[in-house]
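The structure under discussion appears below in the form of structure tokens.
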Amino acid sequence: MIGAYLMQKILVSILIFVSLASYADEKKALKLLEKKNYEKLIETLEKDIEKDSLNPGPYYIYSLLYNDPDFINNNLDTSYYYILKARELYPLSDEKDLEKLNKLSIDRSSLTTQKEKLDLQAYDRAKNEHSLDAYNFYIEQFDQSIYNTDAVLDRNALAFEYAKKEHTYEAYEEFMLNYPGSIEFEQAKEQYQILLFEAQTEEGTLNSYR
């Protein structure tokens, strides 16, 4: 009975030690990020994840790192991956771990702020490129973005512009097939019907009108 009690105390002590060590690592990581000591920062984050892969803290800091313009390997898509990972793990953390993270200003608010910041940066990137591929990439990869609906509207409007430039019934038909829910659908349908009628009655014969 005493042995079991001692074992329980040892396990609790180990868990507390691991938790405190993880907190110390995250505090250290934030300082390294501020000093832009990227090599040491990555080393610290990797050790932190190795200790506890379910801790959202290091993933959040990784997101900050990959969104740092001074970091040579900065990458918006990678930064977004890490913030989604952090947000996924955050609700699974116990209260004690969350309290420690909150002391470092790693909480629901900071995670949401970082995500929405990346949402906007990615949306601006798509708008600057202004291509169907860019909008489709954003819509698919940033499907949790608050700007996703805007990107869909932009994509559909651009596709309709392409159809209007080509101005054939085939082009409008393709648009309607690809974007049935678009606000431009009725305009495309009207042009499709007019151009199809003109194309099929071009000969001016009775059969063509039939």
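Give, in nm to one decimal, the length gained when the segment between Arg108 and Ser53 is fully stretched (0.36 nm per residue of separation minus the Cα-Cα distance). Intermediate values should be presented prior to the final figure.
Values: separation 55, 0.36 × 55 = 19.80 nm, distance 1.88 nm.
Result: 17.9 nm gained on full extension.
Residues in the stretch 82-115 near a label at Gln141, defined as backbone nitrogen under 17 Å from the 7 Å Cα→Cβ point? Residues 82-85, 115 qualify, since their backbone N sits under 17 Å from the label point. Using a probe of 1.4 Å, the accessible surface attributed to Phe142 totals some 0 Å² when neighbouring protein chains are kept in position. Here the calculated FRET efficiency for Glu198 and Lys165, from their Cβ-Cβ distance with R0 = 25 Å, stands at 0.90, rounded to the nearest 0.05. Cross-link reach is defined here as a Cα-Cα straight distance under 29 Å, omitting same-chain residues fewer than 8 places apart; for Lys165 the lysines meeting it are Lys127, Lys189.
The values are calculated or read from the model by the stated rules, or taken from the named source; none is laboratory data. What you see is a predicted model; the values in this text were computed from it and never measured. Glycine also receives a Cβ, built like all others from the backbone with ideal geometry; neighbour counts cover every protein chain displayed. Accessible surface areas use protein heavy atoms only, side chains included; no ligands, DNA or RNA. Shrake-Rupley method; radii C 1.70, N 1.55, O 1.52, S 1.80 Å.
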